[in-house]
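Peer 1: Here's a structure for you.
The values are calculated or read from the model by the stated rules, or taken from the named source; none is laboratory data. In this text the structure is predicted, and so the values were computed from the model without any measurement. Methodologically, a virtual Cβ is constructed for each residue, glycine included, from the backbone with ideal geometry; neighbour enumeration extends over all protein chains shown.
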Amino acid sequence: MSGRNFAAIIFFAIVAVFLVFSALMMHPFGEFDEEHYPEMDQYIIDNTQNETGADNGVTGVVFDYRGFDTLGEATVLFTAVAGVIILFRRLKK
Amino acid sequence: MSGMSRIVKTITNVAFPFVMIYGLYVIAHGHLTPGGGFQGGAVVASGLAMILVAYGSIWVVGKVKEKHLSVLESLGAIGFISLAFFGILLVYLYSSFEGTFFSNFLIGQDTIPIFNEIGKGLANINTAGIIPLMNFAVGLKVIAGLFVIVLVMAYSTRIKEGK
């Protein structure tokens, strides 16, 4: 076994341990947890339709509450397009 | 790539309008049903990539230049960011507006009678303020961006004719 494979196996084991622990610590689906009460979730569910006017709550969050995040995603796409065009321009005649 | 067989081209001609209509529907109804600008733009770009695969990149480059697609993508980005800045601008112009960067200034007002209603159901498309307009801008950006990525990569690595 080469050193490269050994390092990969160790890295995989560490990641697997973290994945198993985080899966065990996961919030149970659909249960109301008094200790970790998601206040922001309930606020968005209650007020999205009146504040943003959108029936789709996900779009209301993405384009209104977290519009700055969407601006970052658009910037990432723009950067990807610019990079691809710069990278492949030299191959064309 | 110089196109595929006649069967593939025929099936592409049949399927292409449905893909485009579905993608544009997802963009236009982004504030009502699941989806939005990113998802609908990805669907439309997939349809355009299907045209690219079926007809070949040389034929497609004869029809549309990648500079024009870059202009479209920049228009989408400028529309998005200018809609965001309008929230600040209208506060200085009209004191009745209250807004910040990315604020939804079209919702719940009577000055500009477009997209000013609050959502009451899945059938009303004139709701949600600037969210549909932002969906259109992001959709245009994603269509042009993804298609120009696929087009440039396909055209640059094309197989030389006669070899």
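Peer 1: The conditions are (1) at the interface with chain B (Cβ under 8 Å from one of its Cβ atoms); (2) over 30 Å from B:LYS120 (Cα atoms); (3) modelled with pLDDT of 85 or more, and A:GLU73 fails exactly one of them. Which is it?
Peer 2: (2)
Peer 1: Return a yes/no flag: does segment B:146-159 have any residue that is β-branched (Val, Ile, Thr) and modelled with pLDDT under 80.
Peer 2: Yes, because at least one residue in segment B:146-159 is β-branched (Val, Ile, Thr) and modelled with pLDDT under 80.
Peer 1: Any chance segment A:25-39 includes a residue that's under 23 Å from the mean Cα position of the chain (by Cα), modelled with pLDDT of 85 or more and in a helix (DSSP H, G or I)?
Peer 2: no
Peer 1: Based on what the data block shows, is B:SER57 crowded, with 21+ Cβ neighbours inside 10 Å, among the hydroxyl-bearing types (Ser, Thr, Tyr) and modelled with pLDDT under 85?
Peer 2: yes
Peer 1: Hey, does segment B:101-122 have a residue that's among the aromatic types (Phe, Trp, Tyr), more than 29 Å from A:ASN47 (Cα to Cα) and more than 20 Å from the chain's Cα centre (by Cα)?
Peer 2: No, there is no match, as no residue in segment B:101-122 is among the aromatic types (Phe, Trp, Tyr), more than 29 Å from A:ASN47 (Cα to Cα) and more than 20 Å from the chain's Cα centre (by Cα).
Peer 1: Right, another one. Of all residues in segment B:119-135, which are surrounded by fewer than 21 Cβ atoms within 10 Å (Cβ to Cβ) and either outside any loop (DSSP other than H, G, I, E, B) or at pLDDT 75 or above (or both)?
Peer 2: Of everything in segment B:119-135, those that are surrounded by fewer than 21 Cβ atoms within 10 Å (Cβ to Cβ) and either outside any loop (DSSP other than H, G, I, E, B) or at pLDDT 75 or above (or both) turn out to be B:ASN124, B:ILE125, B:ASN126, B:LEU133.
Peer 1: Being closer than 20 Å to B:GLY35 by Cα and at the interface with chain B (Cβ under 9 Å from one of its Cβ atoms) is the filter here; which residues of segment A:76-93 pass it?
Peer 2: Listed by number, the list holds a single entry, A:LEU77.
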